[in-house]
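Since the structure comes first, as structure tokens, the remarks are kept for the end.
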Amino acid sequence: MKPICLLAGLLSLPFFLSAQLAGSPDNTFGANGFTNYSIHSSTDIAWDLALQPDGKIIQVGQTYNFISTEFGVARLLANGAPDPAFGADGRVSLPVEGNSNDYCRAVALLPDGKILIGGQYNLNADDDWALMRLTPTGALDNSFGTGGVQKIRVSDKNDDLFDLLVQPDGKILCAGLSDKSAIVMRLNANGTPDNSFGTSGKVTLTASNAIAAYALILLPDGKILVGGERDNQMFAVRLSAGGVLDNSFGTGGLGGADIAGGIERGRAMALLPDGKILLGGSRRLSSAAGFDFAVMRLNANGALDNSFGQQGLATLDFNNNNDEGFGMAVQPDGKILLGGSTQAANSDWALGRLNADGSLDDSFGTNGRVVKDFGGNEDIIYKLLLQPDLRLLASGYVQTPGYDFALARYQTGLTVGVLSPEPLPLTLYPNPAKSYILLEGSGLNSGRYQCRIIDAFGRLMMDQAIDYQAAGIRLELPLSLAAGVYSIQVQSGGQMALARLLIQ
């Protein structure tokens, strides 16, 4: 097989992006960088977001059909237009059961193109979890659960599902809340409980007051990070692959800290290349004060990282308003993007960016902030996603005067490609690859090289430092990598090369 030159592959990548003003709308998307739409022309709220390898965008949430609330799913083309190959004009509305009130909160994409969505439904007295699996065209997949729907009664109390994650083996991790306890559950690929996890497929986390799990990350070693809020403080928990608390993390498996009192809401989580953990959300100092966007950083062992922000916590205020953060994304340069709302008289769409050390990044928007009023009383960002081309998707809803799904795309000011005027001239083979790749070329010499593999959704799948050998660099690929298209970065000092990698 002919080796592929990383530099040549770099220059031919279709997602090169000229440096644009960070925080400015991407005018190639929707109308001036923004699109909003309804499913039932009533109350439609988008909670989660996913990006397909082909660049199409999935939004999921709830839609009111004038009788009850249903799961709402939409798929857009890369330019923000509805995808005519999905549902009816790019949209589907799906009831869990009869006239139950259903709230879709999470989405995960499967390697075969199917779409997994989850949330909760209420038919009688309390909320229970529900998952659905859709075909690539938006129809229910009858091979999953019962007619494409899997209902889960977690407890006899109100049970809310907030996040989904599909493991490389096809098993499904779910995180949420049952009354005042956090719940992590693992299902088999067909939707039945995985009894090898926790107790009968379930792990229950308790606190003195209340605890909720909002975010999941699967670590390369198979362990599971769970993030959210506990007794009004941000927290992270690490579980073994079998659902046992990992006592080597934090205190008894629980990471985080109570920083000088205050009230925190943890809604998002990100894993950094060095193993450190970001928890994103909001914070206020007292019940009389307004919330600010907030980020906490933990060391890989769960301890608070005091080198970040002020004592491990960084906040971002929008003109002394009440600011609630929900979405978070991390750029390759370490800068942290936050999304949510800022409220003076009305709630407006709000974005902010911090430097990697937690300080405000004044190069983003206006003094580190972007605020957009769409004319209604309530405009909120719930999810951020950084595309492989380093443009930022912000998903949520706007009031117009009803509530619509809303999606915007912004420039980050970054350029995908060689980050140095002197690129690394390397060759990569085999490509496609299965278990390993070799890197060779005149640009290599003795020393250490940082090799990163990033999937189509911008997730870091591998970050490894490898020493140069006489024959070049041999990189063993993680067994957890599913077949598909990835990006590979090779960096030494101020030089970097980037190319596409196909995994068979």
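No other residue among 395, 363 is in a loop (DSSP other than H, G, I, E, B) and among the small types (Gly, Ala, Ser) apart from 363.
I'd like the residue in the stretch 243-266 that is touching an Asp or Glu at 6+ places or on another chain (Cβ under 8 Å) and not in a loop (DSSP other than H, G, I, E, B) and, out of all such residues, is surrounded by the fewest Cβ atoms within 10 Å (Cβ to Cβ). Checked the stretch 243-266; the qualifying residue surrounded by the fewest Cβ atoms within 10 Å (Cβ to Cβ) is 265.
To keep it simple, each residue is scored yes or no on (1) in the same structural domain as residue 97 (by TED's automatic domain parsing); (2) of a type in the set (Gly, Ala, Ser); (3) more than 14 Å from residue 118 (Cβ to Cβ); (4) not in a strand (DSSP E or B).
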position: 133; (1), (2), (3), (4): yes, no, no, no
position: 136; (1), (2), (3), (4): yes, no, yes, yes
position: 150; (1), (2), (3), (4): yes, no, no, no
position: 161; (1), (2), (3), (4): yes, no, no, no
position: 164; (1), (2), (3), (4): yes, no, no, no
position: 169; (1), (2), (3), (4): yes, no, yes, yes
position: 176; (1), (2), (3), (4): yes, yes, no, no
position: 183; (1), (2), (3), (4): yes, no, no, no
position: 203; (1), (2), (3), (4): no, no, yes, no
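Tallying residues that are in contact with a Leu (Cβ under 7 Å, 6 or more places away or on another chain) and not in a strand (DSSP E or B) within the stretch 221-242 yields 1. Being touching a residue at least 40 places away in the same chain (Cβ under 8 Å), of a type in the set (S, T, N, Q), surrounded by fewer than 23 Cβ atoms within 10 Å (Cβ to Cβ) and assigned to a strand (DSSP E or B) narrows it down to one of 41, 93, so name that one. Result of the check over 41, 93: 93.
Residues are listed down the side, and each one gets a yes or a no for (1) at positive phi; (2) in contact with a strand residue (DSSP E or B) (Cβ under 9 Å, 6 or more places away or on another chain); (3) modelled with pLDDT of 95 or more; (4) not small (Gly, Ala, Ser):
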{"position": "97", "(1), (2), (3), (4)": "no, yes, no, yes"}
{"position": "130", "(1), (2), (3), (4)": "no, yes, yes, no"}
{"position": "147", "(1), (2), (3), (4)": "yes, yes, yes, no"}
{"position": "162", "(1), (2), (3), (4)": "no, yes, yes, yes"}
{"position": "175", "(1), (2), (3), (4)": "no, yes, yes, no"}
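State all residues of the stretch 69-90 that are of a type outside the set (Gly, Ala, Ser) and either in a strand (DSSP E or B) or not assigned by TED's automatic domain parsing to the domain that holds residue 144 (or both); if no residue qualifies, say none. Hits for the stretch 69-90 are 69, 70, 71, 73, 75, 76, 82.
The values are calculated or read from the model by the stated rules, or taken from the named source; none is laboratory data. This is a predicted model, so every value here is computed, not measured. A quick note on method: Cβ atoms are made from the backbone with ideal geometry, for glycine too, and the neighbour counts reach across all protein chains shown.
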